[in-house]
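Below is one structure, written out as structure tokens; comments come after it.
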Amino acid sequence: MRRSGSVCLCLAAVCTFAQTPDPHATADAQAEAERVRQMVEAGVAPRKALDDVTAQQEQAADEAILQATLYGHLTLEQLTPEQSAAMIGAAERQMRRAQAKVDEAKRLIAEGVRPITSLTPHLEELDAVRRAHDSAQSRARLFENLAAMARAEQELEAQLAESPETGLGLADRYDGDGILLPAQIRYLETAFEREFRRPLPVSANGETELHRSLGFDHRGRIDVGLHPDSREGGWLKRHLELLKVPYIAFRGAVRGQSTGAHIHMGPPSNRIRRSD
């Protein structure tokens, strides 16, 4: 019953994180697992049969999670903390399964049961899932950087609300005309790419699931992953002031650390009202 329960948890993960879950496929998989479990308990099928169907379903569930969070159309801005954690968990489980297959193949080869060539497909699978694991970790780090930016805003704005002096050195603020227009965004993107030969590193464009989870209304605002004291950050601040676009340039959540450093274009984020 313990392995059957783990199958249910994996299938639940598919429904939670897959973009287009198939309820019929999920129901069929659960029915198959239950059928095999009953056969094992009745003694007409070996225990390995249940282990095999469980492993297949766990693998399929993790593949569905990665398809939705890593390979699918879900952007970093649409990702939630729960989905980021599920993505890393799925990638790590795939790594463990692939490594276990390699270890088992090596054992059988050492015992003379299998030829050495039988190891090749397992090594290829391990290499593929390792690349997926690296990609998932990279995406999770980018998401955490976005989270650090959002938390930096929360922390510093709370400090400024209590005492404006506490924010000295942690952020530069310019109120401008109080608005950020789409035409201004397009101009800044074009001018930045012409100047630095790379796109403006926008990390959060408008409302994101992360900002909503933190209780912030980020509509009509843009976060740019530039340190305000860098050459690119200085360029952006000067152009924002020329356009009279408001900004808050965060150096980080903690003095002397770059984590969370970014330039928030537009007026400060508002707290989400209960009616939003």
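The values are calculated or read from the model by the stated rules, or taken from the named source; none is laboratory data. Treat the numbers as computed from the prediction; the structure is a model and nothing was measured. Cβ atoms come from the backbone with ideal geometry, glycine included; neighbour counts cover every protein chain shown. Surface areas here come from the heavy atoms of the whole protein model, side chains and all, with no ligands, DNA or RNA. Shrake-Rupley method; radii C 1.70, N 1.55, O 1.52, S 1.80 Å.
Quick notes on this structure:
- Matching entry among D51, D28 (being assigned to a helix (DSSP H, G or I), within 20 Å of K101 (Cβ to Cβ) and at pLDDT 50 or above): D51
- Candidates E124, E58, filtered to the one that is of a type outside the set (S, T, N, Q), surrounded by 14 or more Cβ atoms within 10 Å (Cβ to Cβ) and assigned to a helix (DSSP H, G or I): E58
- For segment 243-262, the set of residues classified as at pLDDT 85 or above, assigned to a loop (DSSP other than H, G, I, E, B) and at negative phi consists of L243, V245, P246, listed by residue number.
- In segment 38-48, the condition of being surrounded by 14 or more Cβ atoms within 10 Å (Cβ to Cβ), over 30 Å from V224 (Cα atoms), out of contact with any Lys or Arg (no Cβ under 8 Å at 6 or more places or on another chain) and not polar (S, T, N, Q) is met by at least one residue.
- Within segment 65-93, considering residues that are of a type in the set (A, V, I, L, M, F, W, C) and closer than 15 Å to A147 by Cβ, the one most open to solvent (accessible area, probe 1.4 Å): A85
- Exactly one residue among D134, D103 is open to solvent by 70 Å² or more (accessible area, probe 1.4 Å), closer than 30 Å to A147 by Cα and acidic (D, E), and that residue is D134.
- Looking only at segment 106-115, and only at residues there that are open to solvent by 50 Å² or more (accessible area, probe 1.4 Å) and among the aliphatic types (A, V, I, L, M), the one that is farthest from the chain's Cα centre (by Cα): V113
- Under the condition of being assigned to a helix (DSSP H, G or I) and at pLDDT 75 or above, the residues counted in segment 36-48 number 7.
- Scanning segment 182-211 for residues that are in contact (Cβ under 8 Å) with a residue 12 or more places away in the chain and either in a loop (DSSP other than H, G, I, E, B) or among the polar types (S, T, N, Q) (or both) yields a total of 8.
- Flag for R198 being open to solvent by 80 Å² or more (accessible area, probe 1.4 Å), within 27 Å of the chain's Cα centre (by Cα) and either farther than 16 Å from L236 by Cα or at pLDDT 70 or above (or both): yes
One line per residue, one yes/no per condition, for (1) open to solvent by 20 Å² or more (accessible area, probe 1.4 Å); (2) at pLDDT 80 or above:
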{"position": "E207", "(1), (2)": "yes, no"}
{"position": "H218", "(1), (2)": "no, no"}
{"position": "R231", "(1), (2)": "yes, yes"}
{"position": "K237", "(1), (2)": "yes, yes"}
{"position": "E241", "(1), (2)": "yes, yes"}
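- Residue match in segment 154-163 (condition: surrounded by 18 or more Cβ atoms within 10 Å (Cβ to Cβ), more than 12 Å from the chain's Cα centre (by Cα), touching a residue at least 24 places away in the same chain (Cβ under 8 Å) and farther than 23 Å from L210 by Cβ): no
- Of all residues in segment 263-276, those being closer than 21 Å to N145 by Cβ and at pLDDT below 85 number 2.
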